[in-house]
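Remarks on the structure that follows.
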Amino acid sequence: MAQSGESDGSGHLFVWAWDVDHDDEAFLAVVDVDRGSATYGQVVTTLPAATGKHAHHVEYEMTTNELFANSFDNGLTFVFDLSAPVHPVVVAEFGDAGPYTRPHSFARTPSGTVLATYQGLAADDDASGGLAELDDRGHLLRAASAASPLDPDIRPYSLAVVPRLDRVVTTSADMNGVKVGRSVQVWRLSDLTLLHTVLLPPGPRGDEHLHPAEVRLLGDGESVMVGTFRCGMYVVSGLDGVPVARLARSFPWSPVEGEDTDCNVPVRFGRFWAQPVGTTGSVVVMDVSRPEEPVIVDELSFGVDARPHWLALEPGGRRMVMTGGGTLAGGVYLIDVDPETGKLRLADDLPATGSGIPGVRFDRDEWPHGRSGPAFAHGAVFSLGN
């Protein structure tokens, strides 16, 4: 694991945050994460998005110097140019894609375009949305409907590109908390044809399959793992033929203050999968070499009142960033990763946040762009490199 004073692969962290009081704009914060820097762990720049309110998902990783960042509540997405990390620039803003509204998650294609899930229709926000392909400024190139009689509650949520098989896999979870999705969908990448809607089988508890949320490509390059908000972990294989979904394992789930989600945004690194589990307030690492039989190799616990939510991996796989709620609210946290063993260690070379956990404070009074008051950090991603 990287130690204090050592240089890591990324010099900066980009954090998409919203005003806790909902009075001011969402903003992008740039954090210095170079351990050799005099400003390590500090927010060095912030840039508000003039019409953004509810900072939500950003891209899961950076593959270019531009970043799509979603303001879900008002259906807008911002494109930031981060080629000069401490001088971010908003270069585009977009909303609906043809008939589709409420963009949510994004993934880059091998050709450089961006795929986006859209939750609903502009004419009927309660209807199933679709999958859209956009250029690097958010202009619509093509789109297709996700509506399927097999699952009338489909609301496209997350996605994973499977280049080797010319496939895309999307999940279904309703941000409005009304629909109860229970399926994943398989599309042809090259023309966005919807090929299959696959109902996830219930597990022993009976609800593990509900609200399929995040999906990630596995190491074989041909299958994916899907995590549901009810903490089921499913392997979906046969993507180039007849897809099959199998429950691999589940974690404890229980609602908190009316919330219906508990297992959130994971990362895969090598043969390992790191999963935030809200019920236990921890990040669980599993060896998924045999994805149908994952083996827990480590667990980093923050207490039962913590709600770890978002994980993103540094290029090179030596660190993760984590955001979350509960006792984690008000901070952004760095986690050192051992890519050989999957072991995690909270970076303790940062000052304590309001909860006493070492990290970058987001419950501060003042921000570089002049706004005052605490912010809630949601999406976060490392820069491409120093």
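Going from the fewest other Cβ atoms within 10 Å to the most, the residues R205, R182 appear in the order R205, R182. Taking a sphere under 12 Å around the Cβ of T63 and counting the other residues whose Cβ falls inside, with K and R at +1 and D and E at -1, yields a net charge of -3. Summing charges over all other residues whose Cβ lies under 10 Å from the Cβ of A107, with Lys and Arg as +1 and Asp and Glu as -1, gives -1. Residue exposure proxy: W18, W310, ordered by other Cβ atoms within 10 angstrom of their Cβ from fewest to most, comes out as W18, W310. With the highest mean first, a sort of the peptides 238-247, 363-372 on other beta-carbon atoms found within 10 angstrom per residue produces 238-247, 363-372. Under 10 Å, Cα contacts only: if you run a Gaussian network model on the chain, which one of H56, H22, H104 comes out with the highest mean-square fluctuation? Maximum fluctuation in the GNM of the chain, among the listed residues, is at H22.
Using the Cβ atoms and a cut-off under 15 Å, what net charge is assigned to the surroundings of S183, where Lys and Arg are +1 and Asp and Glu are -1? So the surrounding residues net to -1. Under a 5 Å amide H cut-off, with hydrogens placed 1.01 Å from N, R35 pairs with D8 among residues at least 5 apart or on other chains.
Exposure proxy ranking for T109, T117, based on other Cβ atoms within 10 angstrom of each Cβ and starting from the fewest, stands as T109, T117. A P(r) calculated from all alpha carbon pairs of region 295-386, with 5 Å bins opening at zero, reads 3, 13, 21, 25, 20, 11, 4, 2, 1, 0 percent.
Report note on the peptides 32-38, 166-172, 63-69: ranked by the mean count of other C-beta atoms within 10 Å, highest first, their order is 166-172, 63-69, 32-38.
For region 95-362, what number results from the quotient of the Cα radius of gyration and 2.2 N^0.38 Å? All intermediate terms of the calculation are to be shown ahead of the outcome.
Working: Rg = 18.1 Å, N = 268, 2.2 N^0.38 = 18.4 Å.
That works out to 0.98 for region 95-362.
Computed from backbone phi with θ = phi - 60° and the Karplus coefficients 6.51, -1.76 and 1.60, the 3J(HN,Hα) list for region 335-352 is 10, 7, 10, 9, x, 7, 10, x, 6, 10, 9, 5, 5, 9, 9, 10, x, 6 Hz; x is used for glycine and proline.
Order 322-332, 187-197 from most to least packed using the mean count of other Cβ atoms within 10 Å.
Top of the packing list down: 322-332, 187-197.
At full extension, V304 and R364 could sit 19.2 nm farther apart than now, given 0.36 nm per residue minus the alpha carbon distance. Between V90 and D166, the modelled labels are 4.0 nm apart [label points 7 Å from Cα along Cα→Cβ]. Averaging the Cα positions of each part gives two centres, and for region 25-56 and region 75-109 these lie 16 Å apart.
Every number here is computed from the coordinates shown, using simple stated rules; none is lab data. As the structure is a prediction and not an experimental result, all values here were calculated from the model. With ideal geometry, Cβ positions are generated from the backbone for all residues, glycine too; neighbour counts draw on all protein chains shown.
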